[in-house]
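Trainee: Could you have a look at this structure, given as structure tokens, before my questions?
The values are calculated or read from the model by the stated rules, or taken from the named source; none is laboratory data. The structure displayed is predicted, hence computed values, not measured ones. Neighbour counts run over all protein chains shown; Cβ positions are idealised from the backbone, glycine included.
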């Protein structure tokens, strides 16, 4: 299913689809008239009015007063009631700190919770995750839409963690477990996929996007034609295990010279802390990242690439070096069309993406 509905399909549209269209238009605007919604969605004026009334009754839409006069009587504006629902979002990507937040429908963070997470694995990691969710729920001021979690590892769309080596999780149905514990809708995503959801919803103008998430490892979240791409075994985007040097260091996966043995955030920070020249460190890392990305770009023809990762040193320099390397290893016309930049969302990317996952699942919009 597309993450974002852009236009009605035809006579077979259902009321649910029309509702998604109106909601999506409200999500992407700061307030608009019913006539604006009619033009934006292609729906009949009577349909728009009825759907707006339903959304207002649910608390999801609100009247904003009259807009500026154009010709004739000023229009009554309607907007998304961003405070009507809260989402509990969890970021498990940092092996040392567990983060959670309460956010509203606009992606504004209302409350934060953090716990030390270093060395916590297995059932203890699940228990600590449940503990921080319970604390966040107690701080939520509005009705809860659901719980979203971004975690390392291979994750199925239904919320089963197939494998998360760092936590010792294997075939863990985390979504069902959290639903049973809290009685709320739950969405679970690989952390890089969550980062891609955040970038797609808040920053991207493209329907084709790759987000490189750099933490203790390196992964990619991929959106193709407005839909998140998981791959046959839900492991799409594992670029950290593309070999960039045949005789490089041995990786935890058993191979040698994998990308993440050179460019993970802890390794880069450690190299700089040891006295190595920061610019040389990031230039070398960028060359290897660009080499790995060249293969992905050549296969997928994605032009919009974002590098994300809290605590990543000199991200602009890393991206410049990576882009030069990518262009060196791809067809000229393809490589020179790529836009590769650091994320603008800061350290909250995965929290925001976990929120988008819930909004997409429960309201059908992004």
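Trainee: Residue by residue through the stretch 289-329, note down the ones that are part of a loop (DSSP other than H, G, I, E, B) and exposed (fewer than 15 other Cβ atoms within 10 Å of the Cβ).
Mentor: Passing the criteria: 301, 311.
Trainee: Now a separate question. Tell me whether the stretch 61-74 contains one or more residues that are crowded, with 20+ Cβ neighbours inside 10 Å, over 18 Å from residue 363 (Cβ atoms) and in contact (Cβ under 8 Å) with a residue 12 or more places away in the chain.
Mentor: So far as the stretch 61-74 goes, no, none of its residues is crowded, with 20+ Cβ neighbours inside 10 Å, over 18 Å from residue 363 (Cβ atoms) and in contact (Cβ under 8 Å) with a residue 12 or more places away in the chain.
Trainee: Exactly one condition in (1) closer than 28 Å to residue 171 by Cα; (2) buried (at least 22 other Cβ atoms within 10 Å of the Cβ) is false for residue 224; which is it?
Mentor: (2)
Trainee: Among 31, 10, which is on the phi > 0 side of the Ramachandran plot, exposed (fewer than 12 other Cβ atoms within 10 Å of the Cβ) and at pLDDT below 90?
Mentor: The match here is 10.
Trainee: I'd like the full set of residues that are in contact (Cβ under 8 Å) with a residue 12 or more places away in the chain and outside any helix (DSSP H, G or I), limited to the stretch 257-288.
Mentor: Scanning the stretch 257-288 gives 257, 258, 259, 264.
Trainee: Report whether or not residue 134 is more than 22 Å from the chain's Cα centre (by Cα), surrounded by fewer than 17 Cβ atoms within 10 Å (Cβ to Cβ) and more than 28 Å from residue 225 (Cβ to Cβ).
Mentor: yes
Trainee: Please specify each residue of the stretch 122-140 satisfying the condition of being more than 21 Å from residue 194 (Cα to Cα), in contact with a strand residue (DSSP E or B) (Cβ under 9 Å, 6 or more places away or on another chain) and assigned to a helix (DSSP H, G or I).
Mentor: Passing the criteria: 122, 131, 135, 139.
Trainee: Which count do you get for residues in the stretch 241-255 that are without any contact (Cβ under 8 Å) to a residue 40 or more places away in the chain and either outside any strand (DSSP E or B) or under 17 Å from residue 299 (Cα atoms) (or both)?
Mentor: 10
Trainee: Got a number for residues in the stretch 227-283 being surrounded by fewer than 19 Cβ atoms within 10 Å (Cβ to Cβ), under 19 Å from residue 163 (Cβ atoms) and over 24 Å from the mean Cα position of the chain (by Cα)?
Mentor: Total satisfying the criteria: 5.
Trainee: While we're on this one: Considering only residues that are assigned to a helix (DSSP H, G or I) and within 23 Å of the chain's Cα centre (by Cα), which ones fall in the stretch 18-50?
Mentor: 20, 21, 22, 23, 24, 25, 26, 27, listed by residue number.
Trainee: Could you tell me whether the stretch 175-183 includes any residue that is at pLDDT 95 or above and crowded, with 20+ Cβ neighbours inside 10 Å?
Mentor: yes
Trainee: Quick check: anything in the stretch 201-219 at pLDDT 95 or above, in contact with a helix residue (DSSP H, G or I) (Cβ under 8 Å, 6 or more places away or on another chain), buried (at least 16 other Cβ atoms within 10 Å of the Cβ) and not in a strand (DSSP E or B)?
Mentor: Looking for residues that are at pLDDT 95 or above, in contact with a helix residue (DSSP H, G or I) (Cβ under 8 Å, 6 or more places away or on another chain), buried (at least 16 other Cβ atoms within 10 Å of the Cβ) and not in a strand (DSSP E or B), one finds none in the stretch 201-219, hence no.
Trainee: Would you call residue 143 surrounded by fewer than 24 Cβ atoms within 10 Å (Cβ to Cβ), assigned by TED's automatic domain parsing to the domain that holds residue 359, in contact (Cβ under 8 Å) with a residue 60 or more places away in the chain and touching a strand residue (DSSP E or B) at 6+ places or on another chain (Cβ under 8 Å)?
Mentor: Taking the combined requirement at face value, the residue satisfies it.
Trainee: Also, quick follow-up: Which of the residues that make up the stretch 141-160 are closer than 15 Å to residue 238 by Cβ, touching a helix residue (DSSP H, G or I) at 6+ places or on another chain (Cβ under 9 Å) and not in a loop (DSSP other than H, G, I, E, B)?
Mentor: Hits for the stretch 141-160 are 151, 155.
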